[in-house]
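**Q** What follows is a structure written as structure tokens; I'll ask about it next.
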Amino acid sequence: MAQPAWEKIGIYRAGIIPVMYQRVPCVKKGGVRFTINGHDHFNLVLVTNVATTGSIKSMDVMMGSNSTDWTPMARNWGANWHSLSYLTGQMLSFRVANMDGQTLVFRNVVPSGWTFGQTFASTLQFQ
């Protein structure tokens, strides 16, 4: 029975209540978090606790502590990004750009030996 609530903020016309959305900045406590799901050749990374508008524009992954090669990740759905590279158990770094034009590098945020289903919290946060 959400219709009465929606009718308080919009005008009901022909079965539609138009709604305008606006992104608003928000402050988060702690750093950005990364939850790794999937399997060996399909790594799905959920990015959470993202401040500002909370919307990620692009994301890259780098394997190992000595590498300098960034591999682009693709948006899968929502805040989930995927890579088809074999990343299992390797130390991972992420480079994340938000819609506000800020880019942060989360170096070695995922330690070697990780397993699927784990979440890793960084100390960095978008401003």
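Derivation of every value follows stated rules applied to the coordinates shown; laboratory data play no part. Source: prediction; values computed, not measured. Using ideal geometry, Cβ is built from the backbone for each residue, glycine included, and neighbour counts are taken over all protein chains shown.
**Q** Gaussian network model of the chain, Cα springs within a sub-10 Å range: biggest mean-square fluctuation belongs to which of GLY89, GLY38, GLY101?
**A** Taking springs between Cα atoms under 10 Å, the residue moving most is GLY101.
**Q** Same structure again: At q = 0.13, 0.16, 0.20, 0.23 Å⁻¹, what log₁₀ I(q)/I(0) does a Debye calculation on the Cα points of the chain give, no solvent, two decimals?
**A** Summing over Cα pairs of the chain leads to -0.59, -0.77, -1.06, -1.35.
**Q** Identify, among SER55, SER67, GLY38, the residue whose Cα sits farthest towards the positive end of the charge dipole of the chain, taking +1 on the Cβ of Lys and Arg and -1 on the Cβ of Asp and Glu, with the dipole about the Cα centre.
**A** Farthest along the dipole direction, towards plus: SER55.
**Q** Which of PHE106, CYS26, PHE94 sits farthest toward the positive end of the charge dipole of region 26-121, with +1 on the Cβ of Lys and Arg and -1 on the Cβ of Asp and Glu?
**A** Checking the options against the dipole of region 26-121, the answer is CYS26.
**Q** Let me ask another. Among the trypsin sites (Lys or Arg not before Pro) within region 1-30, which fall in a DSSP loop and have no more than 16 other Cβ atoms within 10 Å of their own Cβ?
**A** ARG23, LYS28, LYS29
**Q** Same structure again: Between TYR12, TYR86, TYR21, where does the largest GNM mean-square fluctuation fall for the chain, given springs only between Cα atoms within less than 10 Å?
**A** Top of the fluctuation ranking is TYR12.
**Q** In a Gaussian network model over the chain where Cα atoms closer than 10 Å are linked, find which of ILE36, ILE56, ILE17 has the largest mean-square fluctuation.
**A** ILE17
**Q** Taking a point 7 angstrom from the Cα of GLN127 along the C-beta vector, which residues in region 20-58 have backbone N less than 18 Å away?
**A** 25-32, 50-54
**Q** How far is it, in nm, from the label point at TRP77 to the one at LEU46 when both lie 7 Å from their Cα along the line to the Cβ?
**A** A separation of 1.2 nm, rounded to one decimal place.
**Q** Report the label-to-label distance for HIS39 and TYR21 in nanometres (one decimal), using points 7 Å from each Cα along the Cα→Cβ vector.
**A** With each label placed 7 Å out from Cα toward Cβ, I get 3.2 nm.
**Q** Given the options GLY10, ALA121, LEU84, identify the residue whose Cα lies farthest towards the positive end of the charge dipole of region 2-127 (+1 on Cβ of Lys, Arg; -1 on Cβ of Asp, Glu).
**A** GLY10
**Q** Hey, how many Å between the Cα centroid of region 15-33 and the Cα centroid of region 80-101?
**A** Region 15-33 and region 80-101 have Cα centres separated by 23 Å.
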